[in-house]
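Structure first, then comments.
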Amino acid sequence: KLGTMYIKGNQAFESYRYNESAAARYAAILNRAAEAMPNAKVYDLIVPLSYSVNLTEREQAQFDMSDAGESVSKMYAMMNASVGKVSVLPELLAHKDEYLYFRTDHHWTTLGAYYAYEQFCEAQGLTPFDRSAHPVETAENFYGTHYSKARTWNAVPDTITWYDLPNQLTIYNVTAAGQPTDGTDTGPDG
C-alpha cells in the first residue's frame, strides 16, 4: 500500500506495506538479470524509506507500516545466490540521529546515500572516497514532494549537500556492434 503520508513534527513520511507479489516480481527481474549476464556481478541495494529509520517501532505499528528489515529479508531470500545483496538498513539505523532523509521529500540526503555507498564499496572490496577531502557545496531552502502534497504550516526547508569531486565525465556513443563512435551518431534515424 502506497500513497499515505504520516506527518510527525516537521517531517513527512511515506507509508509502506509489504506486497509479496510485487516483491516476487522484483526479485525475479534481478534473478533474470544475473542469469543473463553470467560474466557480470549484479547487486541489489534496497533503499529503506525514511519511516524505517526515523519512526519508532510503535509509530510504525500504529500507522500499519511494514517492518522494513523483515521486508528486505523476504525480498533477498527470493533472490538467487548470484545476486549480490547490500543491506544498508543497519548502517542507517546506526546513524539515525543524523540528517539522513529530507524532511520535506521522499529521498534520502547525500549523507544517507553516502552511508549506503560505503556499504556497497565494502561489498565490492572498494575504498569509498573520503568526504572530508572534498569541498562541500550546498543549496538551501529546498522544499520537496512531501511539502508540495501536504503544504504543512510548520515545514522547515531542507538543505541539499554535495561534494565537488575532481572527476571528469566522458560519454561515448556505442554502435550495436559495440564500437565507439565519434559522438555524432544519434541512432538509427540520426
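The values are calculated or read from the model by the stated rules, or taken from the named source; none is laboratory data. What you see is a predicted model; the values in this text were computed from it and never measured. Backbone-built Cβ (ideal geometry, glycine too); neighbour counts: all protein chains shown. For accessibility, only protein heavy atoms count, side chains too; no ligands or nucleic acids. Shrake-Rupley method; radii C 1.70, N 1.55, O 1.52, S 1.80 Å.
Brief remarks on what is shown
- Residue check: Leu45 meets all listed conditions (1) open to solvent by less than 20 Å² (accessible area, probe 1.4 Å); (2) of a type outside the set (Gly, Ala, Ser); (3) under 16 Å from the mean Cα position of the chain (by Cα); (4) closer than 25 Å to Asn31 by Cβ but one, namely (1).
- Tyr6 vs. criteria in contact with a strand residue (DSSP E or B) (Cβ under 9 Å, 6 or more places away or on another chain), more than 19 Å from Phe120 (Cα to Cα) and open to solvent by less than 50 Å² (accessible area, probe 1.4 Å): yes
- Residue, nearest to Val53 (Cα to Cα), within segment 104-113, restricted to residues that are open to solvent by 20 Å² or more (accessible area, probe 1.4 Å) and either touching a helix residue (DSSP H, G or I) at 6+ places or on another chain (Cβ under 8 Å) or assigned to a helix (DSSP H, G or I) (or both): Trp108
- The listed residue being open to solvent by 80 Å² or more (accessible area, probe 1.4 Å) and either closer than 19 Å to Gln124 by Cβ or in contact (Cβ under 8 Å) with a residue 12 or more places away in the chain (or both), out of Asn31, Asn39, Asn80: Asn39
- Within segment 120-149, if we keep just the residues that are assigned to a helix (DSSP H, G or I) and open to solvent by less than 40 Å² (accessible area, probe 1.4 Å), the residue that is modelled with the highest pLDDT turns out to be Cys121.
- Set Glu59, Glu91: member being open to solvent by 20 Å² or more (accessible area, probe 1.4 Å), under 25 Å from Lys149 (Cα atoms) and part of a helix (DSSP H, G or I): Glu59
- Total residues in segment 62-88, condition under 18 Å from the mean Cα position of the chain (by Cα) and part of a loop (DSSP other than H, G, I, E, B): 5
- The listed residue being touching a Phe, Trp or Tyr at 6+ places or on another chain (Cβ under 8 Å) and of a type in the set (A, V, I, L, M, F, W, C), out of Ala150, Ala133, Ala155, Ala139: Ala155
- Cβ-Cβ contacts under 6 Å between residues 6 or more apart (or on different chains), taken from a first residue in segment 151-175 that is touching a residue at least 12 places away in the same chain (Cβ under 8 Å) to a second residue that is open to solvent by less than 90 Å² (accessible area, probe 1.4 Å) and charged (D, E, K, R), are listed as Val156/Arg103; Asp158/Arg103; Trp162/Glu137; Asp164/Glu137; Asn173/Asp185.
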